[in-house]
Amino acid sequence: MRGVLTALALWCLLAMTGCASTPEIGADDLTGLSLINPQLPETNVMSGGQPSEQDLELLRDRGVTTVVTLRREDEEVPYDEAAKAAELGMSFVRIPVGTSEGLDAATANKLRQTLAAAPGPTFVHCGSGNRVGALFAIDAMVNDGKSLEEALEVGRAAGLTRFEPRVREVLTELAQ
């Protein structure tokens, strides 16, 4: 019993000093990355385009524990991203989304569940960050009750650009 109390007291001390908490990523953590369209759509979530191997190393060094790609397996990437993430001690999750297939509530929910289950800061990407923003917009309407325009704003903050007309259609259908 004494050992348990000592361990609990030590954990509480570490928690009060910030040592036991998950590091929080911020705007400074986006600097130096070569990826397209880097964003911070929510606490401890970074988003953007395809990371290079060096970007993955920088992300790991900045506390990112999980990499989520929305790219399909048939999309060309110049290295084995899953293997590189594993080499760096990061979890790797693929949620394949095409240009129109996968832009739906079910996929947005899968991303939400993946982010909720991640043990620490997460990096979500596709080729340019556009699909990431699309799913964040859909999630904002479906799960957070945002209006169409509010959801689009959430999507833009996560990287939504040229898919906005398609996402607007999806959100309009969801609102009916």
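The values are calculated or read from the model by the stated rules, or taken from the named source; none is laboratory data. For clarity, every value in this text was computed on a predicted model and none was experimentally measured. Backbone-built Cβ (ideal geometry, glycine too); neighbour counts: all protein chains shown.
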Pairs with Cβ under 9 Å, 6+ apart, first in the range 82-106 and surrounded by fewer than 18 Cβ atoms within 10 Å (Cβ to Cβ), second part of a strand (DSSP E or B) and charged (D, E, K, R): Ala82/Arg94
Residue in the range 134-152 that is under 27 Å from Asp55 (Cα atoms) and loosely packed, with under 15 Cβ neighbours inside 10 Å present: no
Only listed residue being outside any helix (DSSP H, G or I) and modelled with pLDDT under 95, chosen from Arg162, Arg166: Arg162
Hits in the range 127-145 - residues which are outside any helix (DSSP H, G or I) and under 12 Å from the mean Cα position of the chain (by Cα): Gly129
Output for the range 153-176, where each listed residue is touching a Pro at 6+ places or on another chain (Cβ under 8 Å) and surrounded by fewer than 18 Cβ atoms within 10 Å (Cβ to Cβ): Ala157
Some residue of the range 26-44 being surrounded by 18 or more Cβ atoms within 10 Å (Cβ to Cβ), closer than 9 Å to Phe123 by Cβ and charged (D, E, K, R): no
Inter-residue pairs, beta-carbon under 8 Å, first more than 15 Å from Val45 (Cβ to Cβ) and in the range 144-160, second among the small types (Gly, Ala, Ser) and surrounded by fewer than 18 Cβ atoms within 10 Å (Cβ to Cβ), 6+ apart: Leu148/Ala175
Any chance Val124 is in contact with a Gly (Cβ under 9 Å, 6 or more places away or on another chain), part of a helix (DSSP H, G or I) and either farther than 22 Å from Leu59 by Cβ or at pLDDT 95 or above (or both): no
